[in-house]
Every structure is written in C-alpha cells, then in structure tokens.
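The values are calculated or read from the model by the stated rules, or taken from the named source; none is laboratory data. Please read all numbers here as calculations on a predicted model, not as lab measurements. Reconstructed Cβ throughout: ideal geometry from the backbone, glycine too, with neighbour counts over all protein chains shown.
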Amino acid sequence: MVPTMSHSVEVLIVGAGPIGLETAVACRQAGLSTLVVEAGSIGNTIHRWTPQTRWFSSNERIAIAGVPLLTLDQSKCTREQYLNYLAGVASQFSIPMACYQRVESIVREPDRFLIATTGLNEPMNISARFVVLATGGTDHPRRLQIPGEDLPHVEHRLREPIGYFGRRVLIIGGRNSAVEAALRLHHAGAQVAIAYRGREFPSERIKYWLYPELSSLIAQGRIAAHLARIPVAFTATHAVLASVNEPDSPHQQIPTDHVIVLIGFYQDKQIFENSGVELIGPAQSPVFDPVTMETNVPGLFVAGTAIAGTQSSSYKIFLENCHDHAARIVAKITGKPMASALAPRSVPPGNFEPET
Ligand SMILES: Cc1cc2nc3c(=O)[nH]c(=O)nc-3n(C[C@H](O)[C@H](O)[C@H](O)COP(=O)(O)OP(=O)(O)OC[C@H]3O[C@@H](n4cnc5c(N)ncnc54)[C@H](O)[C@@H]3O)c2cc1C
C-alpha cells in the first residue's frame, strides 16, 4: 500500500504560482495556518516558459506580497530571475509548501474540506477549513487537431532557441508568443517561416517592440510570412497549408524540419468539476463573488488568472490585475478587512493590458 501523509490546516492553497504565493503570505500575516500544494515546481507555469523569456509587464506590476523586484540592469524580469524571486518570497515568509503534489479531489464535509493529492513521491491527505484554487488558466497548449500534429518534430512550446540553429522552422500563430518566437529563432540562426490565419498580423495586439522588427524582417525576405493560411496536415518533411480565402485552391507544401504551434492555451477544468464549482460562459470560468472571491461552494475560493477560465486570444486577466484577490479572500475568512499596510497592492481597475 502507498503511504499517505496527513495534514490539517486552516487554508489550503492549490498552486504555487505568484497569486497562490501572494495569498499564502496574506494568510500567514493574518495568523491563518496555511499550506500551498503545487503540481510541479514553484512557479510551475513560468518554469515552462522558454529559457530567458522576459515578462511583458514591468517589474513593479508582477512583484508580490510587497517584496520589491529589482533587476541588475533595470530591464523587465526574465523567467529565471522571477523564479528565483518567487523562491525568495516563499523563503522570506516561511510559506509551507508541498511541490510535485497534484490536487485530485476536494470533498466538502459539513465543517471542512478533505483534499487528496497524487504525488511524485507519495500522495497526501489534507483536511482544511478553507480552500483557495490559484490554479491559473494556461495548463495545456491549444492544439490544431490535424493529422501529423503528434509527429516528433511538431511542438507546442518553444524550447531553447539555439536548439534550432541551422534548421527550417515553421511557426504557426500570429500573436505575441508566435512573433517573439519567430524573432528569437531568427536571431538564433534558424531559417524561420511564420503562418497566420489572418490576412495581416494583428499589429495593434502585438507588443510595440516586437511587431516593427518582424515586419521589417519579412519585408527584407529574411523571415517568410504565409498569411491567410491555415495548416491542414503535417508530414515528416512538410507542412501542408490551405488558403483561408480560397479553401479549394491547391494546398501549399512548405518544407520544414520543425513546426512550433503557438496558438494559446486552455484551462484544465477537472479540479473545478471535481469540487462542485459551477462553470459558466464560453470561457467556462468559475462562478465566484467578485467581492470575496468565494465560489458557489461555501469556503472554496478562486484567485489569480484561474478566475477567467480559458481566455480567448484577447487576454483580459493577467497576474498584474489579480493582486487584490488575496486581501479579499483573507477579509472574508477572518471577517475583517486587511490593514491597508498589509494588503497586497492593487492595480487600478480597467488596466487590463500588461504594461508595455
Ligand atoms: C510567454 C508568456 C509571457 C507572459 N507575460 C505576462 C506578463 O508580462 N504579465 C502578466 O501579467 N502575465 C503574463 N503572462 C501570463 C502569466 O503566466 C500569468 O499572468 C501568471 O502566471 C498568472 O499567475 P497565477 O498565479 O494566477 O497562475 P499560474 O502562474 O498559472 O499558477 C498556477 C499554478 O497552479 C498549479 N496547479 C494547477 N492545477 C493544480 C492542481 N490540480 N494541483 C496542484 N497545483 C496545480 C500550476 O502547476 C501552477 O504552478 C505570460 C505568459 C506567457 C506564456
């Protein structure tokens, strides 16, 4: 029989992303015992980013729990700097954390929740008065669902760019991630092509420091652009593209060594469904009270980007506009508003786009 570890806390937080950690700090400061349970490593979502990716937001907007985030050259923080920052915050506030433990079920009893995990090493059973789901919304990359998508050279995340040196790479997508990937691969010595379904790139939605360089490289013929084209199949040697405007015209065959599909992410709904949280709308976002962050299940809260469900191409909820969730949750649990000096900083309402 596999041994299980048993724990009892007042507030169990699911997810050691920035908002899960910020909520844990707020709970500790309010005198609530807490445990953060994380399916992967600390900052798991950010850990999956391509090495040396920089945040789009400026540092003060992604800093958590009142801890300043400074970089050596004042530039926007990289993935690596931010992961170390999160570890520093967790250490500074002595946040109890169980990593590599995925929460599988949350059962509501009359006066508490019973939570069960599957772990890399051993599963856990946890009893908690309150549960916060800070599980994010980018669990899985979106797929095209076309033949050949599971071939080994077709990927859904960009690895370290230098690994593509001297290779022919086709990127599928036309938003920030795809454009940034095209530029980084070009500078890493890959032969880059990019295919996008629109007639032109959505320049107003692409970061102002990315788009001019892409359009210049395309104009110079150094990056190939296949616009108004959608992939319909991949083979070991080619990508097959169809015209959006003339679907019956002959398909284009693009010779390629690698394909990288970067068309967004979707949220894993299992934890919400398993715990009885109602999901609504096209994004299937959890039902919650925006004042307290409590879901339709009493005592079960949602925080961070998890509130938005699966966001479409136009993201509205980011880390930078979720900082007040922790204070709202703690206020509801304790029955008293947090002291303003302790309350996490809130970004002004309506400022939904990450600062550029
Ligand atoms: C390339 C890139 C650049 C970005 N730049 C910005 C930016 O500049 N500004 C910005 O605000 N946002 C940006 N984002 C989005 C950013 O990733 C999110 O805003 C941020 O991570 C949200 O934090 P969070 O705490 O809400 O969720 P997450 O960071 O997603 O954390 C959720 C955590 O929950 C864990 N988890 C999920 N399910 C379970 C489970 N069942 N059991 C245990 N643990 C679980 C996950 O492993 C994860 O660690 C960017 C994203 C990408 C991909």
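Brief remarks follow.
- Taking the criterion of being part of a loop (DSSP other than H, G, I, E, B), among the small types (Gly, Ala, Ser) and more than 21 Å from SER312 (Cα to Cα), the residues of the range 173-228 that qualify are ALA188, GLY189, ALA190, GLY221.
- Hits in the range 259-272 (condition: outside any loop (DSSP other than H, G, I, E, B), farther than 14 Å from ILE307 by Cα and not β-branched (Val, Ile, Thr)): PHE265, GLN270
- Positions within the range 275-291 being in contact (Cβ under 8 Å) with a residue 24 or more places away in the chain and either among the aromatic types (Phe, Trp, Tyr) or surrounded by 14 or more Cβ atoms within 10 Å (Cβ to Cβ) (or both), in sequence order: SER275, VAL277, LEU279, ALA283, GLN284, SER285, PRO286
- Those residues of the range 123-153 which are closer than 25 Å to SER275 by Cβ, surrounded by fewer than 17 Cβ atoms within 10 Å (Cβ to Cβ) and away from the ligand (no atom under 15 Å from the Cβ), in sequence order: SER127, ARG129
- Selection of the range 42-61 for residues being over 13 Å from the mean Cα position of the chain (by Cα), under 19 Å from LEU21 (Cβ atoms) and near the ligand (Cβ under 6 Å from one of its atoms) yields only SER57.
- Evaluation of LEU21 against the conditions (1) without any contact (Cβ under 8 Å) to a residue 60 or more places away in the chain; (2) within 8 Å of the ligand (Cβ to nearest atom) shows that the sole unmet condition is (1).
- Test result for PRO161, over 21 Å from GLY40 (Cα atoms) and at pLDDT 95 or above: yes
- Of everything in the range 73-99 that is more than 30 Å from PRO298 (Cβ to Cβ) and among the hydroxyl-bearing types (Ser, Thr, Tyr), the residue that is surrounded by the fewest Cβ atoms within 10 Å (Cβ to Cβ) is SER91.
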